[in-house]
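Single-structure report; data block below.
Each reported figure results from applying straightforward, stated rules to the coordinates on display, with no laboratory input. Bear in mind that the values here come from a model prediction, so they are computed numbers and not experimental data. Glycine also receives a Cβ, built like all others from the backbone with ideal geometry; neighbour counts cover every protein chain displayed.
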Amino acid sequence: MDKIGKYKVVPFKRQLQAEVTAMSKHMLYMTGLIELDITDAREFFRCYKEKHGESLSFTAWIVRCVAAAVNENLEVHTFRKRNKLYIFEDVDVSISVEKTIDGKPFPTLYNIRKANEKDVMEIHKEIREVQRPKKKEDISSDISARQLNLMLKLPKFVRKLIFFDRVMRNPIHHKKLNSTVQITTIGMFGKGMSGWGLNLGHHPLNIVTGGISFKPRFIDGELVNREILNMTLRIDHVVTDGAPSVRFIRRLGELVEGAFELEKYCK
């Protein structure tokens, strides 16, 4: 009797991701799980699609809301290096974008620079442009496949010395390469499912948007079904105290539940 069965062996192509993920063991995060009422926002998204025949990027809007909230609470995307804090005025946001390369889906990282200075439509167009089919396989907007292959040919201790110790732990280089805020969207892969996502991360601020589901809420004394977005926030507690973290979360909630900037796209 065959106790193994059929199987195949393929190259492991996420070595760099594994090493980057291992960096998270040095981070001391505060983690918050919140629920945001996006019923009004979703109405504007539906209205936009009816008027224009295409969908407005939900991720672009979330990026805009997060960037606006960070812009008012810069502590939450601050880096620490030894006894110094690096407080950046530009809010750069790293997101995962699924491109089509040679007819196949290919997940890549993309850094939206100065997201705090862009409106929803600018970010939407930027994301759509990145999603266009391309032959060039970039693992991020700042690292090409060729650079990645060269890096993986180096011994692990050399990668650690050059890439992690000198680049990823340097606030200036980290921002250039990988932004100050990371947003991971997993809700699109589990529509109708309610739940939160937790990532490890190595940014000062990590956000995961989970599923969207209908839940009852009291509105003006009446119990009604509302569309609720689950969101996880992880903030570097070594750098940011609880009070500024709460102010940031409160402001982000106000922007999301208030359908920030969406009304003008449905006139």
**Request:** Could you order peptides 114-120, 230-236, 212-218 by the average number of other Cβ atoms within 10 Å of their residues, highest first?
**Result:** 230-236, 114-120, 212-218
**Prompt:** For the modelled label position 7 Å from the Cα of ASP119 along Cα-to-Cβ, which residues of the range 54-77 have backbone nitrogen atoms closer than 16 Å?
**Reply:** 56-57, 60-62, 64-65, 68
**Message:** Going by Cα centres, the range 44-83 and the range 211-232 are how many Å apart?
**Reply:** 21
**Message:** Multiplying the sequence separation of VAL10 and GLU89 by 0.36 nm and subtracting their Cα-Cα distance, what value in nm do you get?
**Reply:** 24.1 nm
**Request:** Can you tell me the FRET efficiency between ARG46 and ALA243 if r is taken as the Cβ-Cβ distance and R0 is 35 Å, rounded to the nearest 0.05?
**Result:** 0.40
